[in-house]
Amino acid sequence: MRPKGSAKELEVRRRIAGRLLLQGKGVREVARLVDVSPSSASRWKRAVEAGGLEALNAKPHPGRKPALAPRQKEDLKQILIKGPLEAGFPTDLWTLSRVAEVIERTFGVSYHPGHVWYLLRQLNFRPQKPERRARERDEAAIERWRQETWPEIKKRGESEAGASL
């Protein structure tokens, strides 16, 4: 299991252990002082003996570089906040395909719509479903029905249910 802390914090811990080992402290004592297993301290001791304290430096993370630079991600976030209508789409609904299209149009970077989701999560966007309501919806008529018609229907149902018992 990976220990808690950033790569830099873990490197600092390894370097402290390395200095203690170079001062002649034992593996078990160093392990207790920096709160690691003796096997880790022993591994660090071998590394220090082979390559000095530099051998305890944090290794770069493997993986491909991000396709969009941090500044481009911020620009994308602003485009998404303005909305799809502003971006030239006919409806006010963002889809993964639309976001991929905006990325390609704006930054010249091709994203598969299925992978756009990971980018949106990095930008702190979460999925939202639009309300399913008719545009022609008459709120006043609905409220009238709730206040007048529904209580009558409900009373009829209760009286019929009571009569059949």
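Only the coordinates and a few stated rules stand behind these numbers; no lab work does. Treat the numbers as computed from the prediction; the structure is a model and nothing was measured. Methodologically, a virtual Cβ is constructed for each residue, glycine included, from the backbone with ideal geometry; neighbour enumeration extends over all protein chains shown.
Quick notes on this one:
- Each semi-axis of the equivalent ellipsoid for segment 7-56 is √(5λ) with λ an eigenvalue of the Cα gyration tensor; in descending order they amount to 14, 13, 9 Å.
- Segment 70-122 - charge dipole about Cα centre, Lys and Arg +1 at Cβ, Asp and Glu -1, debye rounded to 20: 160 debye
- Segment 70-122, relative contact order in percent, only Cα pairs under 8 angstrom and at least six apart counted: 24 percent
- Degrees, to the nearest 10: 113-122 long Cα axis against longest axis of the chain: 70 degrees
- Here the extension length gained between residue 81 and residue 138 equals 17.6 nm, from 0.36 nm per residue of separation less the Cα-Cα distance.
- Dipole magnitude (debye, nearest 20) for segment 7-56, charges at Cβ of Lys, Arg, Asp, Glu: 100 debye
- The chain, relative contact order [Cα under 8 Å, separation at least 6], %: 12 percent
- Relative to the Cα centre, the charge distribution of the chain, modelled as +1 at Lys and Arg Cβ and -1 at Asp and Glu Cβ, gives a dipole magnitude of about 1280 debye.
- Reach of residue 77 by Cα under 21 Å, taken over lysines that are not fewer than 8 positions away in the same chain: 65, 129
- GNM remark for the chain: springs join alpha carbons under 10 Å apart, and the peak mean-square fluctuation among 72, 23, 128 falls on 23.
- Square roots of five times the Cα gyration tensor eigenvalues for segment 70-122, Å: 16, 13, 11
- Toward the positive end of the charge dipole of the chain, with +1 on the Cβ of Lys and Arg and -1 on the Cβ of Asp and Glu, the farthest Cα among 109, 69, 157 is that of 69.
- Least to most buried among 112, 61 (fewest other Cβ within 10 Å first): 61, 112
- Hits among aspartates and glutamates - C-alpha to C-alpha of residue 155 under 17 Å, sequence gap 8 or more where chains match: none
- Candidate aspartates and glutamates - alpha carbon under 20 Å from residue 73, same-chain residues fewer than 8 apart omitted: 86, 101, 104
- Scattering curve values for the chain, log₁₀ I(q)/I(0), Debye with Cα scatterers, q = 0.10, 0.18 Å⁻¹: -0.70, -1.03
- Cβ-Cβ FRET estimate between residue 118 and residue 12, R0 fixed at 22 Å, reported to 0.05: 0.15
- Distance between segment 88-154 and segment 7-73 - C-alpha centres, whole angstrom: 48 Å
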